Amino acid sequence: MSLATAGAGGFSAGAGGGMVSMAHQANANAMARGAQANHQPPPGSGAFEGSGTAPPPTSAAALGADLLDKSQSLNLKQVRNVSHLPLVAVDLEDGQIGMFPAKPKNATGPTPFITSAVGTVRPVTLQSTETAHKTLRKYLSKDKGYDSIKTDALSKDGIGVTIPSPKQWLGVRRLKDVEPYIRDQFPTASEEESTAAIAEEKNSKKVGVTLVNGTLDGLSAPTGDDFDRVVYKVKLVESKKTLTVLPEEALAMQLAQAQHTVSRKVKPDDVEVDDYPLAVSVPAYACTDAGFEALLDATSGTGVIFQRSMAACTACLLPGKEPNPILDRINQIRTKKHKEHIQENPESTTYEYNPLLLLVGLTSTGIECTAVQLSEIQPECNTCLFGNFKVLTNVSYPSKDPESMVSKCIDEIQENLEIVAPEADGPVGMVVYGAKQAQTAIQEQLKVADLDTWKKVPVFTTKPDCVAVGTAILGGVSHGRISTLTEGKNKKPKAQLALRVQNVAPTAVGIRMNYYGGDPNKWTPVKILFDFDRRVPAGPYPMDFTAAECAAHRAAPSDKPLTEETIVEATKKFEGSKAIPEREAAALNFQVQIVQKYTRTGPWKKVSGYSRPLTKHNDDASEDAEETRVGCESAMLELSFDGRGVITSTLIGDGQTVVQATRSARNSALRYYLGMIFLVVFVGGFFVKSYVDEKIFDRDTERLLAYYKHVIPGSFQDGDVYNARYLVYKYKNKKAKLWKNLETKYGEPVLQTWEWPEEVETEGDSSEEEVDNLDDTPEPNTQENDREPDL
């Protein structure tokens, strides 16, 4: 099958349009030659239209052997085990089936870039026979596989019991959570009937399918928690009981049907058909946490999931034998921008232009608009001419009349672009995708819409299989079957995925809290954690909860709730052992609810049941106790949001109860102060000892110098400070021996410095007062008299 792209001029006066087909060629080289022949590169920019002229070098396959898309939760073992199998791509909304070929064995180059739409998914219609009933029951209990369903249960002529649109009910907890216009399209039970599962089993005799409120196990009654699910009650034979079929189980049969469709095209009766890897695309408004969880279950946890807008963007940029009007338009604008750049910057040698595309898709249940910026031209890659898709903003709405929402979505896209990317130029084109009727409806709406500055932007249509083909390519990229070479560290070649998608959050995620045991009138306003157009994946976002803070909120007046400025002071009042009862009660009554907003103007919807992060199971409680949980002092909740819409929560805490935490805090404080006292005494003792030792050392040095001065004045030891310090240091632990040796050697005891008698004034001092001896009388010899007594 082929993908045709039509280029229509803008809706201004005199604008014309035409249809130009672009065929997928089985031979990649033929495709490249056709692209090269019909396109000329703009000056100074390098060719991107002839994208297949330079295939990657032979080492690209080897370097990219271990590549995979980690954002899709794939692991290397999974990818390697299915690399020899074709990849099955399914557009859930339109039912188109695409295929990406298996990776050739011992390949020295890239996987041949051959993509094609191979069929459509049909509704699951079961025969109304006992054999079909028995087979379906064993399939649901995992005793039999899809082969048995295909042989013994599926209707060959389309006559029987049909399970309607399982994709519409993926992850839905209760019937009332779905819009009335959707419920009216399906056979649903009333709220009273759907909760009476046992009565419905006994009294229902009509063959058919009914949607009811049920649970994951298909047996128990709904209780309003995460275990609840909307399920199909399928009765194939009047004499048999109804069988409970989850929407994801019904969808798994449709995906298995797609696998068998691909198998018939490439290898009939392939024994590994059930192992064919799956790639699924869904609209942005269906990217919810509950829906993705169910969709992953339908693919056995190994499928890769993409937004339809990214799949359509990938396929609409494929070059072909005939000119691609979208690439021509990009080339035209790029050439014009390049000339303007040269005129403004004559000396510039580099130029980069990242075109902006606007994609608009319509389904029977909603509409989505996405603004994507293209960058990183890759002339060596046939399938991915642009290596980077940067989503700037996304607007989507589920709607009963999606055609009427086109103008609103375009207006919101324009407003969002002014906020998130004010420097970006207008779109080079609008690409519409989906069924032919949907594309025609979009074009009609755009003709009457007030597009303002976008009035002259051309509109390009695509073939109905565009999304399926793009999904196949994205799946091939995720499994590392399409890669390119880039320059890594030390300028060595490094393999990378041929296409990197930078997505934004299509939904918003928030959290609300209740400090009064779930009182419906006392939930706090929703705190937004991840808003629309937030770059994803995002997180983890940590939130700390404490029992003291919860107690402070409970004690605050309802007309004066606590703010971030007052919460700190209010919390201090509930710390310590005196406030244990208040903290215990606050922890037991504290509840957290994660919520998600699917549309920008829609209501917040519960993602799961409420959680009690500040409680844990009390192992010491008796079986008859009213409260089997005990309050904890603190906990941390971390939330992450990936690019597929899945919310991941992690609760972190030591599990200490309020009493244990108080005792632990008291003991910690006691250990802290004792430790500080010990540290002060220990370190201070060293300082005191060092000070005392220094004083004693200086005192003994002075004592020894004084001894030498009095006992052997004028000797080398007299006044030799260094020698004295050395002797004091040498005998530091045996000073008594030093003093005794000195006394023995010189015959005089070693006195303290202050014990020596004061010195009589020496001869040198008297010479200053000497007078002239005028009578030449001999002076008396006073040397003997001036000497100090020898002690």
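The values are calculated or read from the model by the stated rules, or taken from the named source; none is laboratory data. What you see is a predicted model; the values in this text were computed from it and never measured. Cβ coordinates were reconstructed from backbone atoms using ideal geometry, including for glycine residues, and neighbour counts include every protein chain displayed. We work out accessible area using only protein heavy atoms, side chains counted, and drop any ligands, DNA or RNA first. Shrake-Rupley method; radii C 1.70, N 1.55, O 1.52, S 1.80 Å.
Computed values, structure above
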{"quantity": "Computed accessible area, LYS103, all protein chains, 1.4 angstrom probe, square angstrom", "calculated": "50 Å²"}
{"quantity": "Accessible area of GLU582 in the full protein assembly, 1.4 Å probe (Å², nearest 10)", "calculated": "80 Å²"}
{"quantity": "Nearby lysines by direct alpha-carbon distance to LYS735 (threshold 25 angstrom, same-chain neighbours under 8 apart not counted)", "calculated": "LYS689, LYS695, LYS709, LYS745"}
{"quantity": "Most to least accessible of LYS463, LYS494 (protein chains only, probe 1.4 Å)", "calculated": "LYS494, LYS463"}
{"quantity": "Among ALA498, SER558, MET513 - extreme Cα towards positive end, dipole of the range 490-587, charges at beta-carbon", "calculated": "ALA498"}
{"quantity": "Exposure of PHE389 as accessible area (Å², to 10), given a probe of 1.4 Å and all protein chains", "calculated": "10 Å²"}
{"quantity": "Length-normalised contact order for the range 362-426 - Cα pairs under 8 Å, 6+ apart - percent", "calculated": "37 percent"}
{"quantity": "Relative contact order (percent, whole number), the range 291-431, Cα cutoff 8 Å, 6+ residue spacing", "calculated": "23 percent"}
{"quantity": "For VAL172, residues with placed amide H under 5 Å, excluding near neighbours", "calculated": "VAL230"}
{"quantity": "Which of ILE473, ILE567, ILE652 is most accessible, then next, and so on - probe 1.4 Å", "calculated": "ILE652, ILE567, ILE473"}
{"quantity": "Dipole magnitude of the range 356-443 about its Cα centre (Cβ charges: Lys, Arg +1; Asp, Glu -1), debye to nearest 20", "calculated": "340 debye"}
{"quantity": "The range 383-408 versus the range 656-694: alpha-carbon centroid distance in Å", "calculated": "63 Å"}
{"quantity": "Chymotrypsin sites (Phe, Trp or Tyr not before Pro) lying in DSSP loop within the range 525-614, provided at most 13 other Cβ fall within 10 Å", "calculated": "none"}
{"quantity": "Coil-residue chymotrypsin sites (Phe, Trp or Tyr not before Pro) of the range 224-316, DSSP, other Cβ within 10 Å capped at 16", "calculated": "PHE227"}
{"quantity": "Probe 1.4 Å, all protein chains present, accessible-area order of THR440, THR261, largest first", "calculated": "THR440, THR261"}
{"quantity": "Estimated FRET transfer efficiency when R0 is 45 angstrom, pair ASP217-TYR672 (beta carbons, to 0.05)", "calculated": "0.30"}
{"quantity": "Anchor LYS235: lysines whose Cα lies under 16 Å away (excluding residues fewer than 8 positions away in-chain)", "calculated": "LYS134, LYS138, LYS202, LYS205, LYS206"}
{"quantity": "Around THR648: net Lys/Arg minus Asp/Glu count, Cβ-Cβ under 12 Å", "calculated": "-3"}
{"quantity": "Filter on LYS150/LYS241; LYS321/LYS489; LYS167/LYS522; LYS156/LYS240; LYS390/LYS447 - keep pairs with C-alpha separation over 32 Å", "calculated": "LYS321/LYS489; LYS167/LYS522"}
